[in-house]
Every structure is written in C-alpha cells, then in structure tokens.
1. Do you know which of the residues in region 163-172 that are buried (at least 18 other Cβ atoms within 10 Å of the Cβ) and in contact with a Phe, Trp or Tyr (Cβ under 8 Å, 6 or more places away or on another chain) is farthest from Phe147 (Cα to Cα)?
2. For region 57-81, name all the residues that are among the small types (Gly, Ala, Ser), surrounded by fewer than 16 Cβ atoms within 10 Å (Cβ to Cβ) and touching a strand residue (DSSP E or B) at 6+ places or on another chain (Cβ under 6 Å).
3. Taking region 14-45 as the search range and keeping residues that are part of a loop (DSSP other than H, G, I, E, B) and small (Gly, Ala, Ser), which one is modelled with the lowest pLDDT?
4. Please indicate, with yes or no, whether at least one residue in region 138-156 is basic (Lys, Arg) and at pLDDT 90 or above.
5. Residues Thr130, Thr120, Thr71: which one is among the β-branched types (Val, Ile, Thr) and modelled with pLDDT of 85 or more?
6. Would you point out the residue of region 157-188, among those that are among the hydroxyl-bearing types (Ser, Thr, Tyr) and at pLDDT 90 or above, that is nearest to the chain's Cα centre (by Cα)?
7. Scan the strands (runs of 3 or more DSSP E) fully inside region 140-217 and keep the ones with 1 or more residues being within 14 Å of Trp35 (Cα to Cα) and touching a residue at least 60 places away in the same chain (Cβ under 8 Å).
8. With the requirement that a residue be part of a strand (DSSP E or B), modelled with pLDDT of 90 or more and not polar (S, T, N, Q), what does region 100-114 give you?
Amino acid sequence: MLKLSISAIICLMILSACTKTVDNNAAQNNSASLWPLKTGNVWVYQDSSFDANGNTIDSYSDSSFISNQTTNSNGITLYAYNDALGWFGASGYVGVDGSNNSLYSMDSINTSSYLFFSLTPSGGILNDSTGEFSNSNSAESDMLYGFKTTFNINGYTCYKNLENVTDVDGNVIYANVYYVSPGIGVVRIEEYSLNPNSPTYSLYLDYSQTLKSYKLN
C-alpha cells in the first residue's frame, strides 16, 4: 500500500539530522523484540478496503514473510519483508533500531529508510496524545503521536501510534494508525483519507490490515 511521499521526505530529513550509529541488535527472534525479524518468520493478515460509506470493497488474505536479504540505512539493519498484497509491498524492508523502541521501513532497496512507529516518538515526550515529530518549516506537516496506554487488538496487547498529515491550514487530510505488539510485530494498520462526500475535512477508513496468525522460527 503506497503512502504519501511527504511521510518519507519528512522522516528522511529527521533521520539525516540525527544519524544513528548503533546497529540493529534488537531485531532477534525473542519475546523482547518489538518486531521479530528472522528469516522465514511469517505473518498472515486480513486486508480490507472500504468506500466512504463504510462498505467493504475488497477483502483478502495476505501472507508476509522475512527473506534472507538485508541492507543497512542510518546504522539500522533492515530485513527484506515480502508483503506483496499488503501495506509494505513486495520489495520493502523493515528494521528495529538498536534501542528496540522504533520501527523503520524502506519502500525498496533504492529508497531511504523512514520512521513509521516508535514507543518514544522523536521531538517530544511520550504522553497520552502528544509526543510527536514534525517539520514545522513545511507547508504540510506529518506528526507521529504515541500513547502511554496499551490496546487490545484481537487478543494482542498493542502499543499505538497515530500519524496525522495536515495541510497548511492545519486540517488533517490523511492519517494512519499503527498497532504493534512486542514479540509479535505489526498487528494492525489503518489508513484514513478525506471523505469525498463531505464538505468538511472529515476522514474515513479506506484500508485496514489485521493480523490473523503468525509463525516465528
């Protein structure tokens, strides 16, 4: 699932301003890892897309797995993650930082990595609905919010991040919600877009990816 390019651009600016030197030593197959990234690990998701009226347009099973290819970006080891039918795509890479607090992604081997989930979002203290990273000099802003509390998603105890993209007037025009369960990984992703049927800046759920099962080596 393609994300707005502003997310990658803004996150790249943040990463370049604060280059990590600690290699990824957290992405191991153990109960403490934010996302166990070991060759052969498999996650099966239910992917669904919806129209602005809440009707399901499409729904299908999506099998994702870690292959044996790796790359390094900003001191983070990223692992090839084949999610051909889902959010991350067939040629994406994902990684966990050395502090085991943040998740990074690359859309392909030829792109730069960007932050998409953190237990301690850069640029702010993790509060109930604050804690954010942003580019205040941009006409549009992309802000990542963390939450202290955990959430139960289909029986998994998850941490939650909310990503809001706003226009120059501060209107939220796009949003993503990420749920991650340590020791398991990404449990659910929700994408919200502007409702074309609404005269106001209201969003609707247009896509979701929810974990059905997984197998860790």
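The values are calculated or read from the model by the stated rules, or taken from the named source; none is laboratory data. Since the model is a prediction, treat every value here as computed from it, not as a measurement. FYI the Cβ positions are ideal-geometry reconstructions off the backbone, even for glycines, and counts take in every protein chain you see.
1. Taking region 163-172 first, the residues buried (at least 18 other Cβ atoms within 10 Å of the Cβ) are 163-166.
Now restrict to residues that are in contact with a Phe, Trp or Tyr (Cβ under 8 Å, 6 or more places away or on another chain): 163-165.
Details: Glu163: 12, Asn164: 14, Val165: 18 Å.
Among those that are buried (at least 18 other Cβ atoms within 10 Å of the Cβ) and in contact with a Phe, Trp or Tyr (Cβ under 8 Å, 6 or more places away or on another chain), it is Val165.
2. Selection gives Ser59, Ser63, Ser67.
3. Residues of region 14-45 part of a loop (DSSP other than H, G, I, E, B): 18-41.
Then drop every residue that is not small (Gly, Ala, Ser), which leaves 26-27, 31-33, 40.
Numbers: Ala26: 54, Ala27: 58, Ser31: 73, Ala32: 86, Ser33: 93, Gly40: 94.
The selected residue is Ala26.
4. Narrowing region 138-156 to residues basic (Lys, Arg): 148.
Within this subset, residues satisfying the condition of being at pLDDT 90 or above are none.
No, because not a single residue in region 138-156 is basic (Lys, Arg) and at pLDDT 90 or above.
5. Of Thr130, Thr120, Thr71, the one residue that is among the β-branched types (Val, Ile, Thr) and modelled with pLDDT of 85 or more is Thr71.
6. Going residue by residue through region 157-188, those that are among the hydroxyl-bearing types (Ser, Thr, Tyr) are 157, 159, 166, 174, 178-179, 181.
Remaining after also requiring at pLDDT 90 or above: 157, 159, 174, 178-179, 181.
Working: Thr157: 17, Tyr159: 12, Tyr174: 14, Tyr178: 6, Tyr179: 8, Ser181: 12 Å.
Going through the qualifying residues, I end up with Tyr178.
7. On the way: elements: 141-146, 151-153, 156-166, 172-181, 185-194, 203-215.
Of the strands (runs of 3 or more DSSP E) lying wholly inside region 140-217, those with at least 1 residues that are within 14 Å of Trp35 (Cα to Cα) and touching a residue at least 60 places away in the same chain (Cβ under 8 Å) span 172-181, 185-194, 203-215.
8. To start, the set of residues in region 100-114 that are part of a strand (DSSP E or B) comprises 102-106, 114.
With modelled with pLDDT of 90 or more added as a condition, the list becomes 102-106.
Selection gives Leu103, Tyr104, Met106.
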